[in-house]
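Encoded as structure tokens, the structure appears first; notes follow it.
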Amino acid sequence: LTMIPEELHLRNFLSHRETDLDLRGVHLASLVGENGAGKSALLDAITWAVWGRSRAPYGRDEDLVYHGEEGLEVEFVFRMPYQGGDEHRCRILRRRERQGRRSTGSILDFQVEGDEGWRNLTADSIRETQSRIIAQLGLDYDTFVNSAYLRQGHADEFTVQTPTDRKRVLSAILGLDRWNEYQDRVKKRLSGAQGRIQEMDRRLSETEQELARRGEYETLLAEAEAQVHTAEARLADIQKQVDEINRVQEQALALRRQIADLDERHQQEKARLAQLEQQEETHQGQQAYYASMVEQAAAIEANYQALHAVIAEERAWGEKLGQAARLQNEKSTREQAIAAEREALNKHLRAAEQKIERIERAIAASRAAMERALSDLRGQIALLHERTVDPALQAELDAARAELAQLDAIAEEQALTRETLQTGEVERSRLIERNRQLRESMNEAKTRIETLAEAEAACPLCRQPLTPEHQERLLNEIQAEGVTMGDEHRANDTRIQALKDEKAALQPRLQEQERLLRARPRQEQTVARLQQQIEQSDVARERIAVVQAQVVEVEGQLASEAYADAERPALEQAQAAARAFQTRIEQDDYAAAARAELARIHAELAELGYDVDAHQEVKGRVQALAHAEDDYRELEKARVSIEKEAETLKRLALEIEAQHGRISTLENERAAQEAALDALRPTLAEAPRLASLLNEARQQEAVARQRIGAARQNLAALETLERRQQEMRIQRDELGARVGLLTELRDAFGVNGIPAMIIEHTLPELEREANHILQSLTAGRMHVRFDT
């Protein structure tokens, strides 16, 4: 892995408010500064941005936020090979926001720079994005702090770990995880191959059973062929009788078609008769209506003349209505002009009042702003006093760090205890599962013994009867296996109880360690808090003097009312204008010309004398006589059409009489055809019985032919099955060889195979290199040895 840092941007991270670090072009960097200056915080920022974790004493992300701020952010830009190709710039941005003591959300972005700018690799969740970052780096946090990054106070973390943990770290550094992937893939292939072997064994067994049925299929074929011959003879006899019935059915079908045609023609003629009768009834009603209109001729003509007289009167009233509407429009225009001038005065008055209100608010706002500024300054002084601390606080910080070191030692002891408990639990679970398998095997052995003890026992493999000597030998072998399995079962029970006792002895110790370590996060927070308070104390004292001088200046301005001097003259001017507008509105001092025109319009309306009620009464009489116009036109039409209706009625009477004759002729023809059809009905009654017999004979023949086909198909299938059996046996042998090869690969890729060999060859080289460096640094006084 090659990861070259280029840029680091911090906001509110530990002791850094706003820090930007540009490492481009730097090949070797050294961070130098006093204790608490924030050197280690820069490295913590890198690990927090990349893995979301940082060194102790900081625990939760909220504890990393700069004191008094609501969130933190770290952006880390570095260069590394991307997807096995050339180096690319990568950027990770991690942000955490909070309000008070409550966290409000986290953001993690991962990007890589390409030809078209930054390309986003961020996933749908923070967990998925973190997995992508670790996969791209090929390095997790624990491996990083045990290899490339030696944390302050933890330089020996790798050397003091257990051999198992050192082997795990070395595996991650050397990229041995791929051997686990290889082993998983081999296991999947091995499981698939073993499953296919089991499936082939089952299919081979089924094939043997099916091939044993050859004689049965040949017997079924001979029986089916005899049944076909019998069914064919019976079917030919019944078919002759059915052919005769079919001829009679065709004759009957022709008669039914003729009857249906006569019925259709009969319906058509009946419909024509109904149509003629309906026309006759319609013309009779029309003739009666025309006669009635002629009888009312005098009254219709009188109403017609009265209608025209009322219409002339309504037109006169309409002319007066037009003149009155014109005057009303002029009146409305003058009234609107008067109202507009009054509204304009009201608008000026409101504008003046609003200006007064704005100026008064501005004056009040100026005073309120100065009071808020004074309150803020006093609050700053109080907050700064809280940040000053007692010089004796350094001793408290040293004591807190000592307690935290004791808790770290307890945590290491707890890890060893958990590892012991976990190893014992894994072994106990394995032994319990092994005992379950042994019980099943012993039960099977018991069943086999009971089966062999029968008088006529058969061999479980070849199913042949056993001789007494063979039966006794098998019983002895099975009983010996049972004794061996029983001994193993009892030994496993003893070991399970021992592991249970060991767990019971270690559990109280683990609980005590957990109880003590519950104080660790609180102690880490205490160390961080005390360290930050000491750093901020000096800055707070200097700031108090500056803010106190600002408080004195603001208090003097408020006491002398030295604010809003420009607004006060404008306030007096706006108040005078508002009083003038109010006086004109109250005395109606506006729109004199419009008021004179309005008086003239009122006089002309009175002289016109338009009466709305009288006009409406005339309109009502017009509406009451509105039908007279239509009645007069209908009277003229009736005088012309009454003779034509009489001639039409005579013609319809003759057509109706002829239609009755045609209908009678069709009814006689249908009766003759129906008599001929009745003569054929006895013969047609035999058709269902013969059809049933024919269908039954055909089904018998079809069933017999199906049996022939099934028997022949089964025999052909046996031939195919024999060929397939030979192919499966060859495939089964090939799979057996493949299972053996995959088993060897599974063991080679396991923890005790190739990965173990690589680590065993790597550790001596690491030990030699470390001792070479220690020889130079300590003049031979220190050396290291890795025990595996």
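Please treat every number below as a calculation from the coordinates, not as lab data. Since this is a predicted model, take the numbers as computed values, not measurements. Here the Cβ positions follow ideal geometry from the backbone for every residue, glycine too, while neighbour counts run over all protein chains shown.
Taking the beta-carbon count within 10 Å as an exposure proxy, list Y290, Y590 from fewest neighbours to most.
Y590, Y290
Filter the GluC sites (Glu not before Pro) in the range 551-602 to those in DSSP coil with at most 16 other Cβ atoms within 10 Å of their Cβ, and list the result.
Qualifying residues, ordered by number: E561.
What residues qualify as long-range amide H neighbours of L121, i.e. H under 5 Å apart, gap of 5 or more or another chain, H built at 1.01 Å from N?
Residues meeting the criterion, in which the H sits 1.01 Å from N, are F110, Q111, V112.
Distance from the Cα centre of the range 1-38 to that of the range 229-290, in angstrom?
Their Cα centres are 106 Å away from one another.
Could you calculate the contour length gain from A716 to R436, that is, 0.36 nm times the residue separation minus the distance between their Cα atoms, to one decimal place in nm?
Separation in residues times 0.36 nm, less the Cα-Cα distance, equals 96.0 nm.
Using volume of the Cα convex hull per residue in Å³ as the read-out, say which of [x] 175; [y] 518; [z] 235 was calculated from these coordinates.
[y]
Full-extension gain between Q227 and A411, please, as 0.36 nm times their residue separation minus the C-alpha to C-alpha distance.
57.2 nm
At 222 nm, what helix-only mean residue ellipticity would the chain give, in deg cm²/dmol to the nearest 500, using -39500 (n - 2.57) for each DSSP H run of four or more?
-28000 deg cm²/dmol
Pick out the long, greasy-scoring helices in the chain: whole DSSP H runs spanning 27 Å or more along their own axis by Cα, mean Kyte-Doolittle at least -0.5.
Going by DSSP H runs, the hits are 754-778.
Tell me, in nm to one decimal, what length is gained between T447 and Q251 on full extension, where the rule is 0.36 nm per residue of separation less the Cα-Cα distance?
62.5 nm
If neighbour count is taken as other Cβ atoms inside 10 Å, put H348, H783 in order from fewest to most.
Lowest to highest Cβ neighbour count: H783, H348.
Below 8 Å between Cα atoms, with a sequence gap of 6+, how large is the relative contact order for the chain in percent?
24 percent
Order these by the 10 Å Cβ neighbour count, fewest first: R670, R729.
R729, R670
Identify all aspartates and glutamates with a Cα-Cα distance to K355 below 16 Å; exclude those on the same chain that are fewer than 8 residues away in sequence.
Straight-line reach from K355, under 16 Å: E567, E572.
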